[in-house]
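A short write-up of the structure that comes next.
The values are calculated or read from the model by the stated rules, or taken from the named source; none is laboratory data. These figures come from a predicted structure and were not determined experimentally. Cβ: placed from backbone, ideal geometry, glycine included. Neighbour counts: every protein chain shown.
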Amino acid sequence: MTATVTAEAFEGAFKRWYQPLCLFSLRYIASTDDAEDIVQQTFTEVWAKLRAGECIENLKAYLFQAVKHRSLSFAMRTEMRMPADSMPDVADESEEEAIREAEEHARLWRAIDALPPARREIFLLSKRDGLKQQEIADRLHLSLKTVENQMGKALKSLREAAIRVYLFFFN
C-alpha cells in the first residue's frame, strides 16, 4: 500500500487482517479485549502514517511487526504488575508459524460467519459455549432433531470449506 491509499482500500485491509492480527496478539498477551485494543491502535497509527504521506511497502508485514511490538510492550508493562507465576505461557513457535496459524483461525471464523444465521447460532452454542444439543433445543425452542440436522449441516459446510482451502494451497 502506498501513500495514495484510499479509505476503501484501507477498510479492505482492516477487514482482511483484523482477526488474524488479534489472534496473533493473543500469542503474547492473555486478554482478548487488550489484543483488540492493540490491533485497533495499530490500524489507527498506520492510517495516520498513510494519510501523512508515508509509504509502507509491505502492509501485512508492517502490521504484524507493529502488533508484535505493541503486544510485547503491553505484556512487559503488565508483567511488572503481575506475580511471575500468573503469567500465561507463550507458545515457543516461530513468528511465521504464529502468523500462519492466525490466518487459519481467521479462515475458520470466516467460514463460520458464512453459515446461515440460525445454523451459526446452533453451532456456536455447541462449540463455543459447550451446550449439549438438548440444551440448545430447549434454549431456542427447537426440536432435538432440528438441532442435530443443523449441526450436521454446519460441520459438513465447515469441512468443505477446509478442503477448499487445503486444495487451494496444495494443488
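Every test in (1) modelled with pLDDT under 90; (2) touching a helix residue (DSSP H, G or I) at 6+ places or on another chain (Cβ under 7 Å); (3) of a type outside the set (A, V, I, L, M, F, W, C) is passed by D34 save one, and that test is (1). Among the residues making up region 142-163, those that are surrounded by 15 or more Cβ atoms within 10 Å (Cβ to Cβ) and polar (S, T, N, Q) are T146, Q150, S157.
Pairing each residue of region 29-55 that is free of Cβ contacts under 8 Å to residues at least 24 places away in the same chain with any residue that is surrounded by 14 or more Cβ atoms within 10 Å (Cβ to Cβ) and not in a loop (DSSP other than H, G, I, E, B), provided the two are 6+ apart or on different chains, yields C-beta distances under 6 Å for E36/C22. Annotation note: of L50, L21, the sole residue that is part of a helix (DSSP H, G or I) and under 22 Å from E96 (Cα atoms) is L21. Counting only residues that are among the hydrophobic types (A, V, I, L, M, F, W, C) and over 20 Å from C22 (Cβ atoms), which one in region 57-82 is modelled with the highest pLDDT? Step by step, filter region 57-82, then rank; the result is M80.
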